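For reference, the structure is listed below as C-alpha cells.
Please treat every number below as a calculation from the coordinates, not as lab data. Predicted model only: the values in this text are computed from it and were never measured. Using ideal geometry, Cβ is built from the backbone for each residue, glycine included, and neighbour counts are taken over all protein chains shown.
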Amino acid sequence: MDGSTTMVEPEAEASGTCGVIDIDGKLKIGGGRLCLIAGPCSIESEEQMLSTALAVRDAGADILRGGAFKPRTSPYDFQGLGVEGLKMLRAAGDIAGLPVVTEVMDTEDLPVVAEYADILQIGARNCQNFSLLRKAGRMGLPILLKRGMMLTIKEFLLAAEYIIAEGNSKVILCERGIRTFETETRNTLDISAVPILKAKTKLPVFVDPSHAAGSRELVAPLSLAAVAAGADGLVIECHITPDTAWCDGKQSLTPGQFAALARSVRGLAAYTKRDH
C-alpha cells in the first residue's frame, strides 16, 4: 500500500491524517480531548429522543446517538422506525445542540441517512460490506466504523482503507468487543486493540463498552479501562427508562448513571493529561 493509507509496518511511522476530525466547526474529534457519544440503541418516540438528548447533553455528552435502522439477529425483533426515526433524532439533536450519529445498513439508505446525520455509523455486521464502505466513503461525512466481531486488527484496518480509498479520511475506528469462547459478557472487549490501533494509524480510536459488556454494571469499569488505554472517545448506550427499552435495555445506562460515568472518565482523562 502507498503512503496515503493507514496501514503501516511496525517499524514505520504512522501515516494517514492528523487524527482530528472537525464536525461542522463545532466539535473536534481526536487531538487529545475525550469525546463522549451517548443515546439509546433504538429511537422509539419524539419524547424519548428529546428527553434523552437533553439529559446526555447536560451530563456531558458531545454527540447524540440513536438507531433508526436496526440490524437484529432475529428478523422478528424490532427493526427500527426508519426515516421517521431519523427525523426524530435530527430534531432532538438540533434542540439539544448536539451533532448526531446513526447507523446505515444498506447502500440504498445512504442518501436519506446522510441527509439527517452528521456522522455515519457502519456497524460490526457490515464492517466488511465493501460496497457499503466504498459508497459511504463517497458521501464525504465522517464515518464511525465498528470492528467486526470476528475481524483481526489487520482486517479491521483494511476495511477502513475501503473508505479512505474513496478520498474520505474522516474515519473513526471503534472497538466494540469480539466474539470469543467466553459467555459471561456479550462480547470480549479487546482493550489491547486501542494502543495497537493508535500505534498503526493516526485515526481517532473509540470504544463501545456497552456492546462489549451486554450488562450496564460492566459499562463503567470497561469505560475507565478504555480511557486508560488511550481511547479518544466512548460510545455509551443511554435510555431514560432502560427497563422498558425496545432494544438493549440490559446494557443501557440511565441518565444519572451516564452523568456519573462522564465525570469519572473525564476525571481520568484529565489526570492522564489527555483532556483539554
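Here the spin labels are modelled as points 7 Å beyond Cα on the Cα-Cβ line, and at T152 and R263 they lie 4.5 nm apart. Extending 7 Å from the Cα toward the beta-carbon at both E182 and K250 defines two label points whose distance is 1.6 nm.
Peptides 112-124, 200-212, ordered by how many other C-beta atoms sit within 10 Å of their residues on average, highest first, read 200-212, 112-124.
Computed about the Cα centre, the dipole magnitude for segment 99-217 is approximately 380 debye when only Lys and Arg (+1) and Asp and Glu (-1) carry charge, each at its Cβ.
Connecting C-alpha atoms closer than 10 Å in a GNM of the chain, tell me which of I37, I240, I153 has the biggest fluctuation. Result for the chain, Cα springs under 10 Å: I153 fluctuates most. Just checking the listed ones, E44, E182, E155: in the Gaussian network model of the chain with Cα springs under 10 Å, the one fluctuating most is E182.
Within segment 30-271, what percent of beta bridges assigned by DSSP are antiparallel, to the nearest 5? So the antiparallel bridges amount to about 5 percent of the total.
3J(HN,Hα) couplings calculated from phi for segment 46-59 with the Karplus curve 6.51 cos²θ - 1.76 cosθ + 1.60 (θ = phi - 60°) are, in sequence order, 4, 5, 4, 5, 5, 4, 5, 4, 5, 5, 6, 4, 5, 8 Hz; Gly and Pro show x. Its DSSP H runs of at least 4 residues, each contributing -39,500 (n - 2.57), put the calculated 222 nm mean residue ellipticity of the chain at -11000 deg cm²/dmol, to the nearest 500. Cβ-to-Cβ counts within 10 Å put D94, D190 in ascending order as D94, D190, the fewest first. The per residue volume of the convex hull around the alpha-carbon atoms of segment 27-162 is 116 Å³. Considering only A260, A38, A53, the mean-square fluctuation computed in a Gaussian network model of the chain, springs between alpha carbons under 10 angstrom, is largest for A260. Across segment 178-231, the convex hull enclosing all Cα atoms gives 71 Å³ per residue.
Which residues does a label at R134 reach in segment 144-167, if reach means a backbone N under 15 Å from a point 7 Å past the Cα toward the Cβ? Under 15 Å, as judged by backbone N against the label point of R134, lie 159-167 of segment 144-167.
A Förster distance of 41 Å, applied to the separation of the beta-carbon atoms of E166 and E84, puts the FRET efficiency at 0.90.
Taking amide H atoms as placed 1.01 Å from N in the peptide plane, the amide H of C41 lies under 5 Å from those of C238, each 5 or more residues away in sequence or on another chain. So what is the diffusion coefficient of segment 30-271 in µm² per second by Stokes-Einstein at 25 °C and 0.890 mPa s, using a Kirkwood Rh over Cα pairs? Estimated via Stokes-Einstein, D reaches 140 µm²/s.
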